[in-house]
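What follows is a set of notes on a single structure, which appears directly below.
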Amino acid sequence: MGSDPMPWQRDLFEVAFEVDASGLLWYREIVVVIMRQSGKSTIVIPWGVHRMIGWGERQFLLYIAQTRDKAREKLLEEHFFHINRSPLRRLLVPNRSGKILPVMVNGSEHLKFTNGSKWSIDAPTEDAGHGGTLGLTVGDEIFALRDSRLESALMPATAAVDDAQSLWISTPGESKTKSPFLWGKVSKGRSRVELARADPTQLDRSRSLYVEFSFADDEDPYDPMTWWRRMPALGFTQTLEKIQSFADSMGEAEFRRAFGCQWGDDFASDWKIPREAWEASRDVDSTIADDQLVYVFDVAPDSAWASISVAGVRDDGRIHVEVISDGLGTDWLVDGDPSRGLVGMRDIHAADPGDIWYEHKFAGFVVPRMRDAGLEPQPIPAQDIAISGPALLDLVLNDQIRQLGQQELEEQIASAATRVSGDVWRWARGKSMRAITGLTSVSHAAQILTRTLPELAYDPLAALRIANGLTKKEAA
């Protein structure tokens, strides 16, 4: 292909193409997590060409990116471009006009080799790869995948090839919740590495190879020495000047993700609700005593995540808040999804009836399905939406909230951003590093409950009085 691999690429090739006693490739799955502009394409292209021409019989490759359009762009602008400028172009089949060009017919984009091998692209859906056998599947920038349906679709197509490989290569996503498929690969890969370090005999068992380059959590992301330690392309295709320019121009969260391979969940900014106060409100045995329940279902702006929460009054008069169901998509909101442990609003309400509320802007499209199920959700008034964040903060600071210590809710508080609207702040869904539907639904539920029970209603001066030791009259 006309270029030498960087040291990290050579290491990867030498390990990924190890063979077993029968001469077949040892590793069937290779997961590579690496920062931007570190040579992902110069890994994928020779890997793919090797699969196309290095076997005695024709091979099939499927390349998948974030979207089909992105995969199509990569095929034309990178894959074909580099093959076409190398001596290996003679192994590509010309079109009817005798020109060496990829087939770009919509829905059937591919490169065809003279030995019958075929390099195709597809969209990241559960229908990808159906109808044939695959020697190599490449998932590029898989942080965009929401679940494992793509992998499940590809597995039957690779099962018939003895030494088939699946290459997953990506930078991290914005958060573990928004990139559950990639995070699953990362957590399993890290666990296998730690196990192999403790017990080297495990190296003879796993057929999966995991490679990660990332900043350590306690390293300064802006220190050039961190860059030299962790960035394998620095000094080859990257320079200190380039990295410095990115560090200067990008926000910290995006720089850490793109060039430090760190997950947003791991370096969230200060909590809007003080962490100490939130942890002090934890009561793993907390239960609701009163039968006046408030349910809120909420949906992320991209409809990729949804939550159902409840608020009610305890025996001691404090408010109990809880996220009942929290998961990918919205199809489960009415009837649940037992396979994922998600309970729907129909069963929740049947077991413990209560008022159901929703924020129309984000969850209004679910209402017809709720009504078809015999439920009557109500839209949350704008004034309650506006103050639900500050109201939750006030209740926590005033020791009026109890919660179960749910990890998903704690992670959402840790990663939630805010924005100022008028004279009050709100939770900023789009700016937060992950979906915060559990947090917004809990906030809304607590606010609706306190409005229903006036003695618990939100007092915007309460936190000020507590902080300064003032009476209500003095504060006014």
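The values are calculated or read from the model by the stated rules, or taken from the named source; none is laboratory data. Computed from a predicted structure; not experimentally measured. For neighbour counting, all protein chains shown are included, and Cβ atoms are generated from backbone atoms with ideal geometry for every residue, glycine included.
Listed here are the residues, each with its yes/no results for (1) at pLDDT below 90; (2) under 27 Å from the mean Cα position of the chain (by Cα).
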position	(1), (2)
Ser269	yes, yes
Pro274	yes, yes
Glu279	no, yes
Thr287	no, no
Leu293	no, no
Asp302	yes, yes
Val323	no, yes
Trp332	no, yes
Asp337	no, yes
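Of everything listed in (1) among the polar types (S, T, N, Q); (2) under 23 Å from Ser415 (Cα atoms); (3) free of Cβ contacts under 8 Å to residues at least 60 places away in the same chain, the single unmet condition for Ser214 is (3).
With respect to Lys185, is the statement that it is among the charged types (D, E, K, R), assigned to a helix (DSSP H, G or I), surrounded by 20 or more Cβ atoms within 10 Å (Cβ to Cβ) and assigned by TED's automatic domain parsing to the domain that holds Ile34 true? Write out each step before concluding.
Values: among the charged types (D, E, K, R): yes; assigned to a helix (DSSP H, G or I): yes; surrounded by 20 or more Cβ atoms within 10 Å (Cβ to Cβ): yes; assigned by TED's automatic domain parsing to the domain that holds Ile34: yes.
Criteria met by Lys185.
Which numbered condition in (1) of a type in the set (Asp, Glu); (2) closer than 16 Å to Ile448 by Cβ; (3) in a helix (DSSP H, G or I) is the only one that Glu376 fails? Status for Glu376: all satisfied but (3).
Screening the range 285-361 for strands (runs of 3 or more DSSP E) wholly inside it with 2 or more residues that are within 17 Å of Gln400 (Cα to Cα) returns the ranges 305-313, 319-328.
Ala144 - would you say it is surrounded by fewer than 20 Cβ atoms within 10 Å (Cβ to Cβ) and without any contact (Cβ under 8 Å) to a residue 40 or more places away in the chain? Break it down stepwise before answering.
On the way: surrounded by fewer than 20 Cβ atoms within 10 Å (Cβ to Cβ): yes; without any contact (Cβ under 8 Å) to a residue 40 or more places away in the chain: no.
No: the conditions fail for Ala144.
Does Ala414 fit the bill of being buried (at least 16 other Cβ atoms within 10 Å of the Cβ), in a helix (DSSP H, G or I) and modelled with pLDDT of 85 or more?
Values: buried (at least 16 other Cβ atoms within 10 Å of the Cβ): yes; in a helix (DSSP H, G or I): yes; modelled with pLDDT of 85 or more: no.
Judged against the criteria, Ala414 is not a match.
Taking every residue in the range 35-64 that is surrounded by fewer than 19 Cβ atoms within 10 Å (Cβ to Cβ) and pairing it with any residue that is among the acidic types (Asp, Glu), at least 6 positions away or on another chain, the pairs with Cβ-Cβ distances below 6 Å are Ser41/Glu78. Each residue in the range 103-132 was checked for being at pLDDT 90 or above, in contact with a helix residue (DSSP H, G or I) (Cβ under 9 Å, 6 or more places away or on another chain) and either of a type in the set (S, T, N, Q) or assigned to a loop (DSSP other than H, G, I, E, B) (or both), and 5 of them qualify. The combined condition, being of a type outside the set (A, V, I, L, M), over 28 Å from Ser148 (Cβ atoms) and either over 35 Å from the mean Cα position of the chain (by Cα) or not in a strand (DSSP E or B) (or both), is fulfilled by Pro94. A residue that is outside any helix (DSSP H, G or I), more than 29 Å from the chain's Cα centre (by Cα), surrounded by fewer than 21 Cβ atoms within 10 Å (Cβ to Cβ) and in the same structural domain as Ala280 (by TED's automatic domain parsing) cannot be found anywhere in the range 382-397.
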